[in-house]
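No lab work stands behind these numbers, since they all come straight from the coordinates. What you see is a predicted model; the values in this text were computed from it and never measured. FYI the Cβ positions are ideal-geometry reconstructions off the backbone, even for glycines, and counts take in every protein chain you see.
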Amino acid sequence: MKKILFIITFVFISLFITNNSYSQTEKNKSKEDVFLIGYADIESIYLFHPMMKYYDENYNLFIKPLNAKDKNEFLKLINDKTKEFTAAKEANSSEIKRLKSEIENLAAAAQKILKRKNTETALLNENYNRDILNIKNENERKQLTQKLYKDMETLEEKFNKEIAANETKLNELKKEYSKIQLKLLNIFYYPPEENEKIFVKINNEIKEAINYAAGKNGVKAVINSSRGRQNQENNTAANTQPVQQEKDNSTFNYEKLEDIISKLPDYSKALTMFDISADGGNGKNTAPQTADQNQNEQYKEKMAEITKESYARSHESNFAKKANIAAAARKYMITDAVITGGVDLTATSVIYLLSRYNIPRPVAEIIHEVINKK
């Protein structure tokens, strides 16, 4: 009996030690092998990237940043840029007026040519159709119909030449006009071809930030939580890329350039990146104040609070336009489903299904190769 009791006790202790050892191993494993997956709203990260405060989503252009240490200097630099722009526009005003007038005249001429073409085509049809209806002989009717087609081709060719000549003159004038407009545009904005370079820098910095956040939180892979919206809104930016070069690489969108030049850029988003404290963050009050006001700490605190509320409203307003900004910049944005880390299990999953259905190995290898090329 004692022998049996000893054996039972030994087994119990062995099981306890084994179970305790297994639990400890699992605890260690959970600490070492846990695979955390994070997610990031990539659209929000773009929205609050400091350089995106200079992004004009209406024209898909970047405003040139102003190197200022505080808000007052920033406003002064805007004023200086505005004076420079006004002077340049005034210097080119006579040439702008001449080119614009000639462009409008040629555009009106194009409409007149088209109107004459439609009128003459309709008249030619009417005359022939009247004669064709009065002819009873089938052969004569066919001959007259063929003559109609030939005369229609001749008329079409004549007007096409006239339209093409007018279009050539119009495009040449638009090129000249666009050159002046682009010079004015470059006072405030980076040229359109700089977009890609700027976004490469932004994208690299965003990936760096996400990798930092992932490492700080022990995350092994990060999913793009904006991915669904990005797919749905992929075609909404058709009208937000206006300043584009044409196929001949020399003509820019004339109408949109004119629209941009007629307005000054919006620096309001960039203004919200300055210090909100009353002293501008540099130990002294940068706002013009009276001696009494400088002594009044309550006044300083109140002004800082008002500024803070103003900034908050601006950021909230900007956040509400996140989808519009993202749609305009979609061409350049990070749209990967997995931003960092992770393992693509697509091919392995497909091969597993193929094997379950006894698909021949050579076929499976072809499919595997196709998937890996995607």
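Brief remarks on what is shown
- Extension gain (nm, one decimal) between D131 and N72, 0.36 nm per residue minus Cα-Cα: 13.1 nm
- Theoretical FRET efficiency, 1/(1+(r/R0)^6), r = Cβ-Cβ of T119 and T335, R0 56 Å, to 0.05: 0.65
- Among the listed pairs K89/K179; K64/K331; K97/K175; K201/K256; K81/K175; K83/K263, a Cα-Cα separation exceeding 18 Å is found for K64/K331; K201/K256; K81/K175.
- Neighbours of L66 by Cβ distance under 15 Å: Lys/Arg scored +1, Asp/Glu scored -1, total +2.
- Candidate cross-link partners of K322 among the aspartates and glutamates, defined by an alpha-carbon separation under 18 Å and a same-chain spacing of 8 or more, comprise D41, E43, D56, E57, E233, D266.
- Residue separation of S310 and R361 scaled by 0.36 nm, minus their Cα-Cα distance, works out to 11.8 nm of gained length.
- Estimated distance in nm for a label pair at L155 and N105, the labels positioned 7 Å out from Cα along Cα-to-Cβ: 3.0 nm
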